[in-house]
């Protein structure tokens with residue numbers, strides 16, 4: 001979509017409605033085809049890369065200057081509140097007073113900034129650099145909210161771990177911890193890509209006011225990275241605690257089975273002795289041989305349990 005400035009008003013236009021005389025401030029290419037990208041190349045003075053180039057991981061492909069135009073790629077979180085968030089690359093192209101964004105993901109931050117532009121609540125004049133700054137500010141705020149929400153979830157999870165110490169409950173908790181760790185790693189990766197972007201654009205900015213804002217963004221992103229690192233340590237602690245409790249639970253089960261086997265071992269030994277088919281076994285001819293054998297079995301069983309309990313084995 002094309003966002004054009006008419007006086008003090010911003011109008012949203014499609015490709016078919018756009019005219020060369022329109023003063024374009026933001027060109028948001030959402031899930032464009034190769035044909036759309038070629039059409040934009042022909043319409044404007046700057047080159048637009050393909051998605052294949054946008055998804056490259058080399059720093060030289062993600063941040064570069066061409067004909068006084070800045071090309072920057074950041075990995076942003078898509079479906080951030082779902083169980084399976086994923087990272088999607090978004091390219092920002094700054095060319096004079098115009099901003100171009102190329103993306104495949106539907107991002108809430110872009111919708112928020114779009115509403116601000118159309119309602120004229122954006123800070124500063126309506127031009128590409130200020131829209132870019134507003135986008136960065138909104139994206140960073142949302143990432144901060146995600147980290148705060150994740151911390152609350154980890155607090156609830158820590159309470160659950162120490163309240164539900166059964167193996168079946170802890171196994172489900174282990175799955176939740178894994179999901180939180182994956183979410184945090186994606187947030188951390190997004191923060192890192194944004195920090196690199198801010199550092200790059202700051203090197204090519206001359207406006208002192210904008211330099212000040214980018215420095216603030218850099219400090220915010222650095223602090224959020226430290227915050228995410230502390231959450232990562234907390235996840236490691238919860239993971240180790242859960243695995244430790246599962247191990248204790250399994251050891252308890254093994255201990256019960258061991259004590260059970262200790263109860264039956266002496267009677268089994270006695271029964272095995274008197275079950276041997278030797279000719280000369282005096283007890284077999286004894287009148288009280290059978291009750292004596294039963295007594296020995298019961299006595300040896302209870303004596304084994306008493307001995308194990310006295311030693312603190314259970």
Listed residues 175, 160; which is touching a helix residue (DSSP H, G or I) at 6+ places or on another chain (Cβ under 8 Å), in the same structural domain as residue 136 (by TED's automatic domain parsing), at pLDDT below 90 and within 29 Å of residue 240 (Cβ to Cβ)?
160
Looking only at residues in segment 107-126 that are assigned to a loop (DSSP other than H, G, I, E, B) and surrounded by fewer than 17 Cβ atoms within 10 Å (Cβ to Cβ), which one is farthest from the chain's Cα centre (by Cα)?
125
Determine which member of the set 150, 170, 143 is in contact with a strand residue (DSSP E or B) (Cβ under 8 Å, 6 or more places away or on another chain) and part of a helix (DSSP H, G or I).
143
Which number in (1) loosely packed, with under 14 Cβ neighbours inside 10 Å; (2) modelled with pLDDT of 80 or more; (3) farther than 22 Å from residue 117 by Cα marks the one condition that residue 33 misses?
(2)
In segment 85-98, residues that are at pLDDT below 90, under 12 Å from residue 72 (Cα atoms) and either touching a helix residue (DSSP H, G or I) at 6+ places or on another chain (Cβ under 7 Å) or assigned to a loop (DSSP other than H, G, I, E, B) (or both) total 1
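The values are calculated or read from the model by the stated rules, or taken from the named source; none is laboratory data. What you are looking at is a predicted structure, and each value in this text was computed from that prediction instead of being measured. Methodologically, a virtual Cβ is constructed for each residue, glycine included, from the backbone with ideal geometry; neighbour enumeration extends over all protein chains shown.
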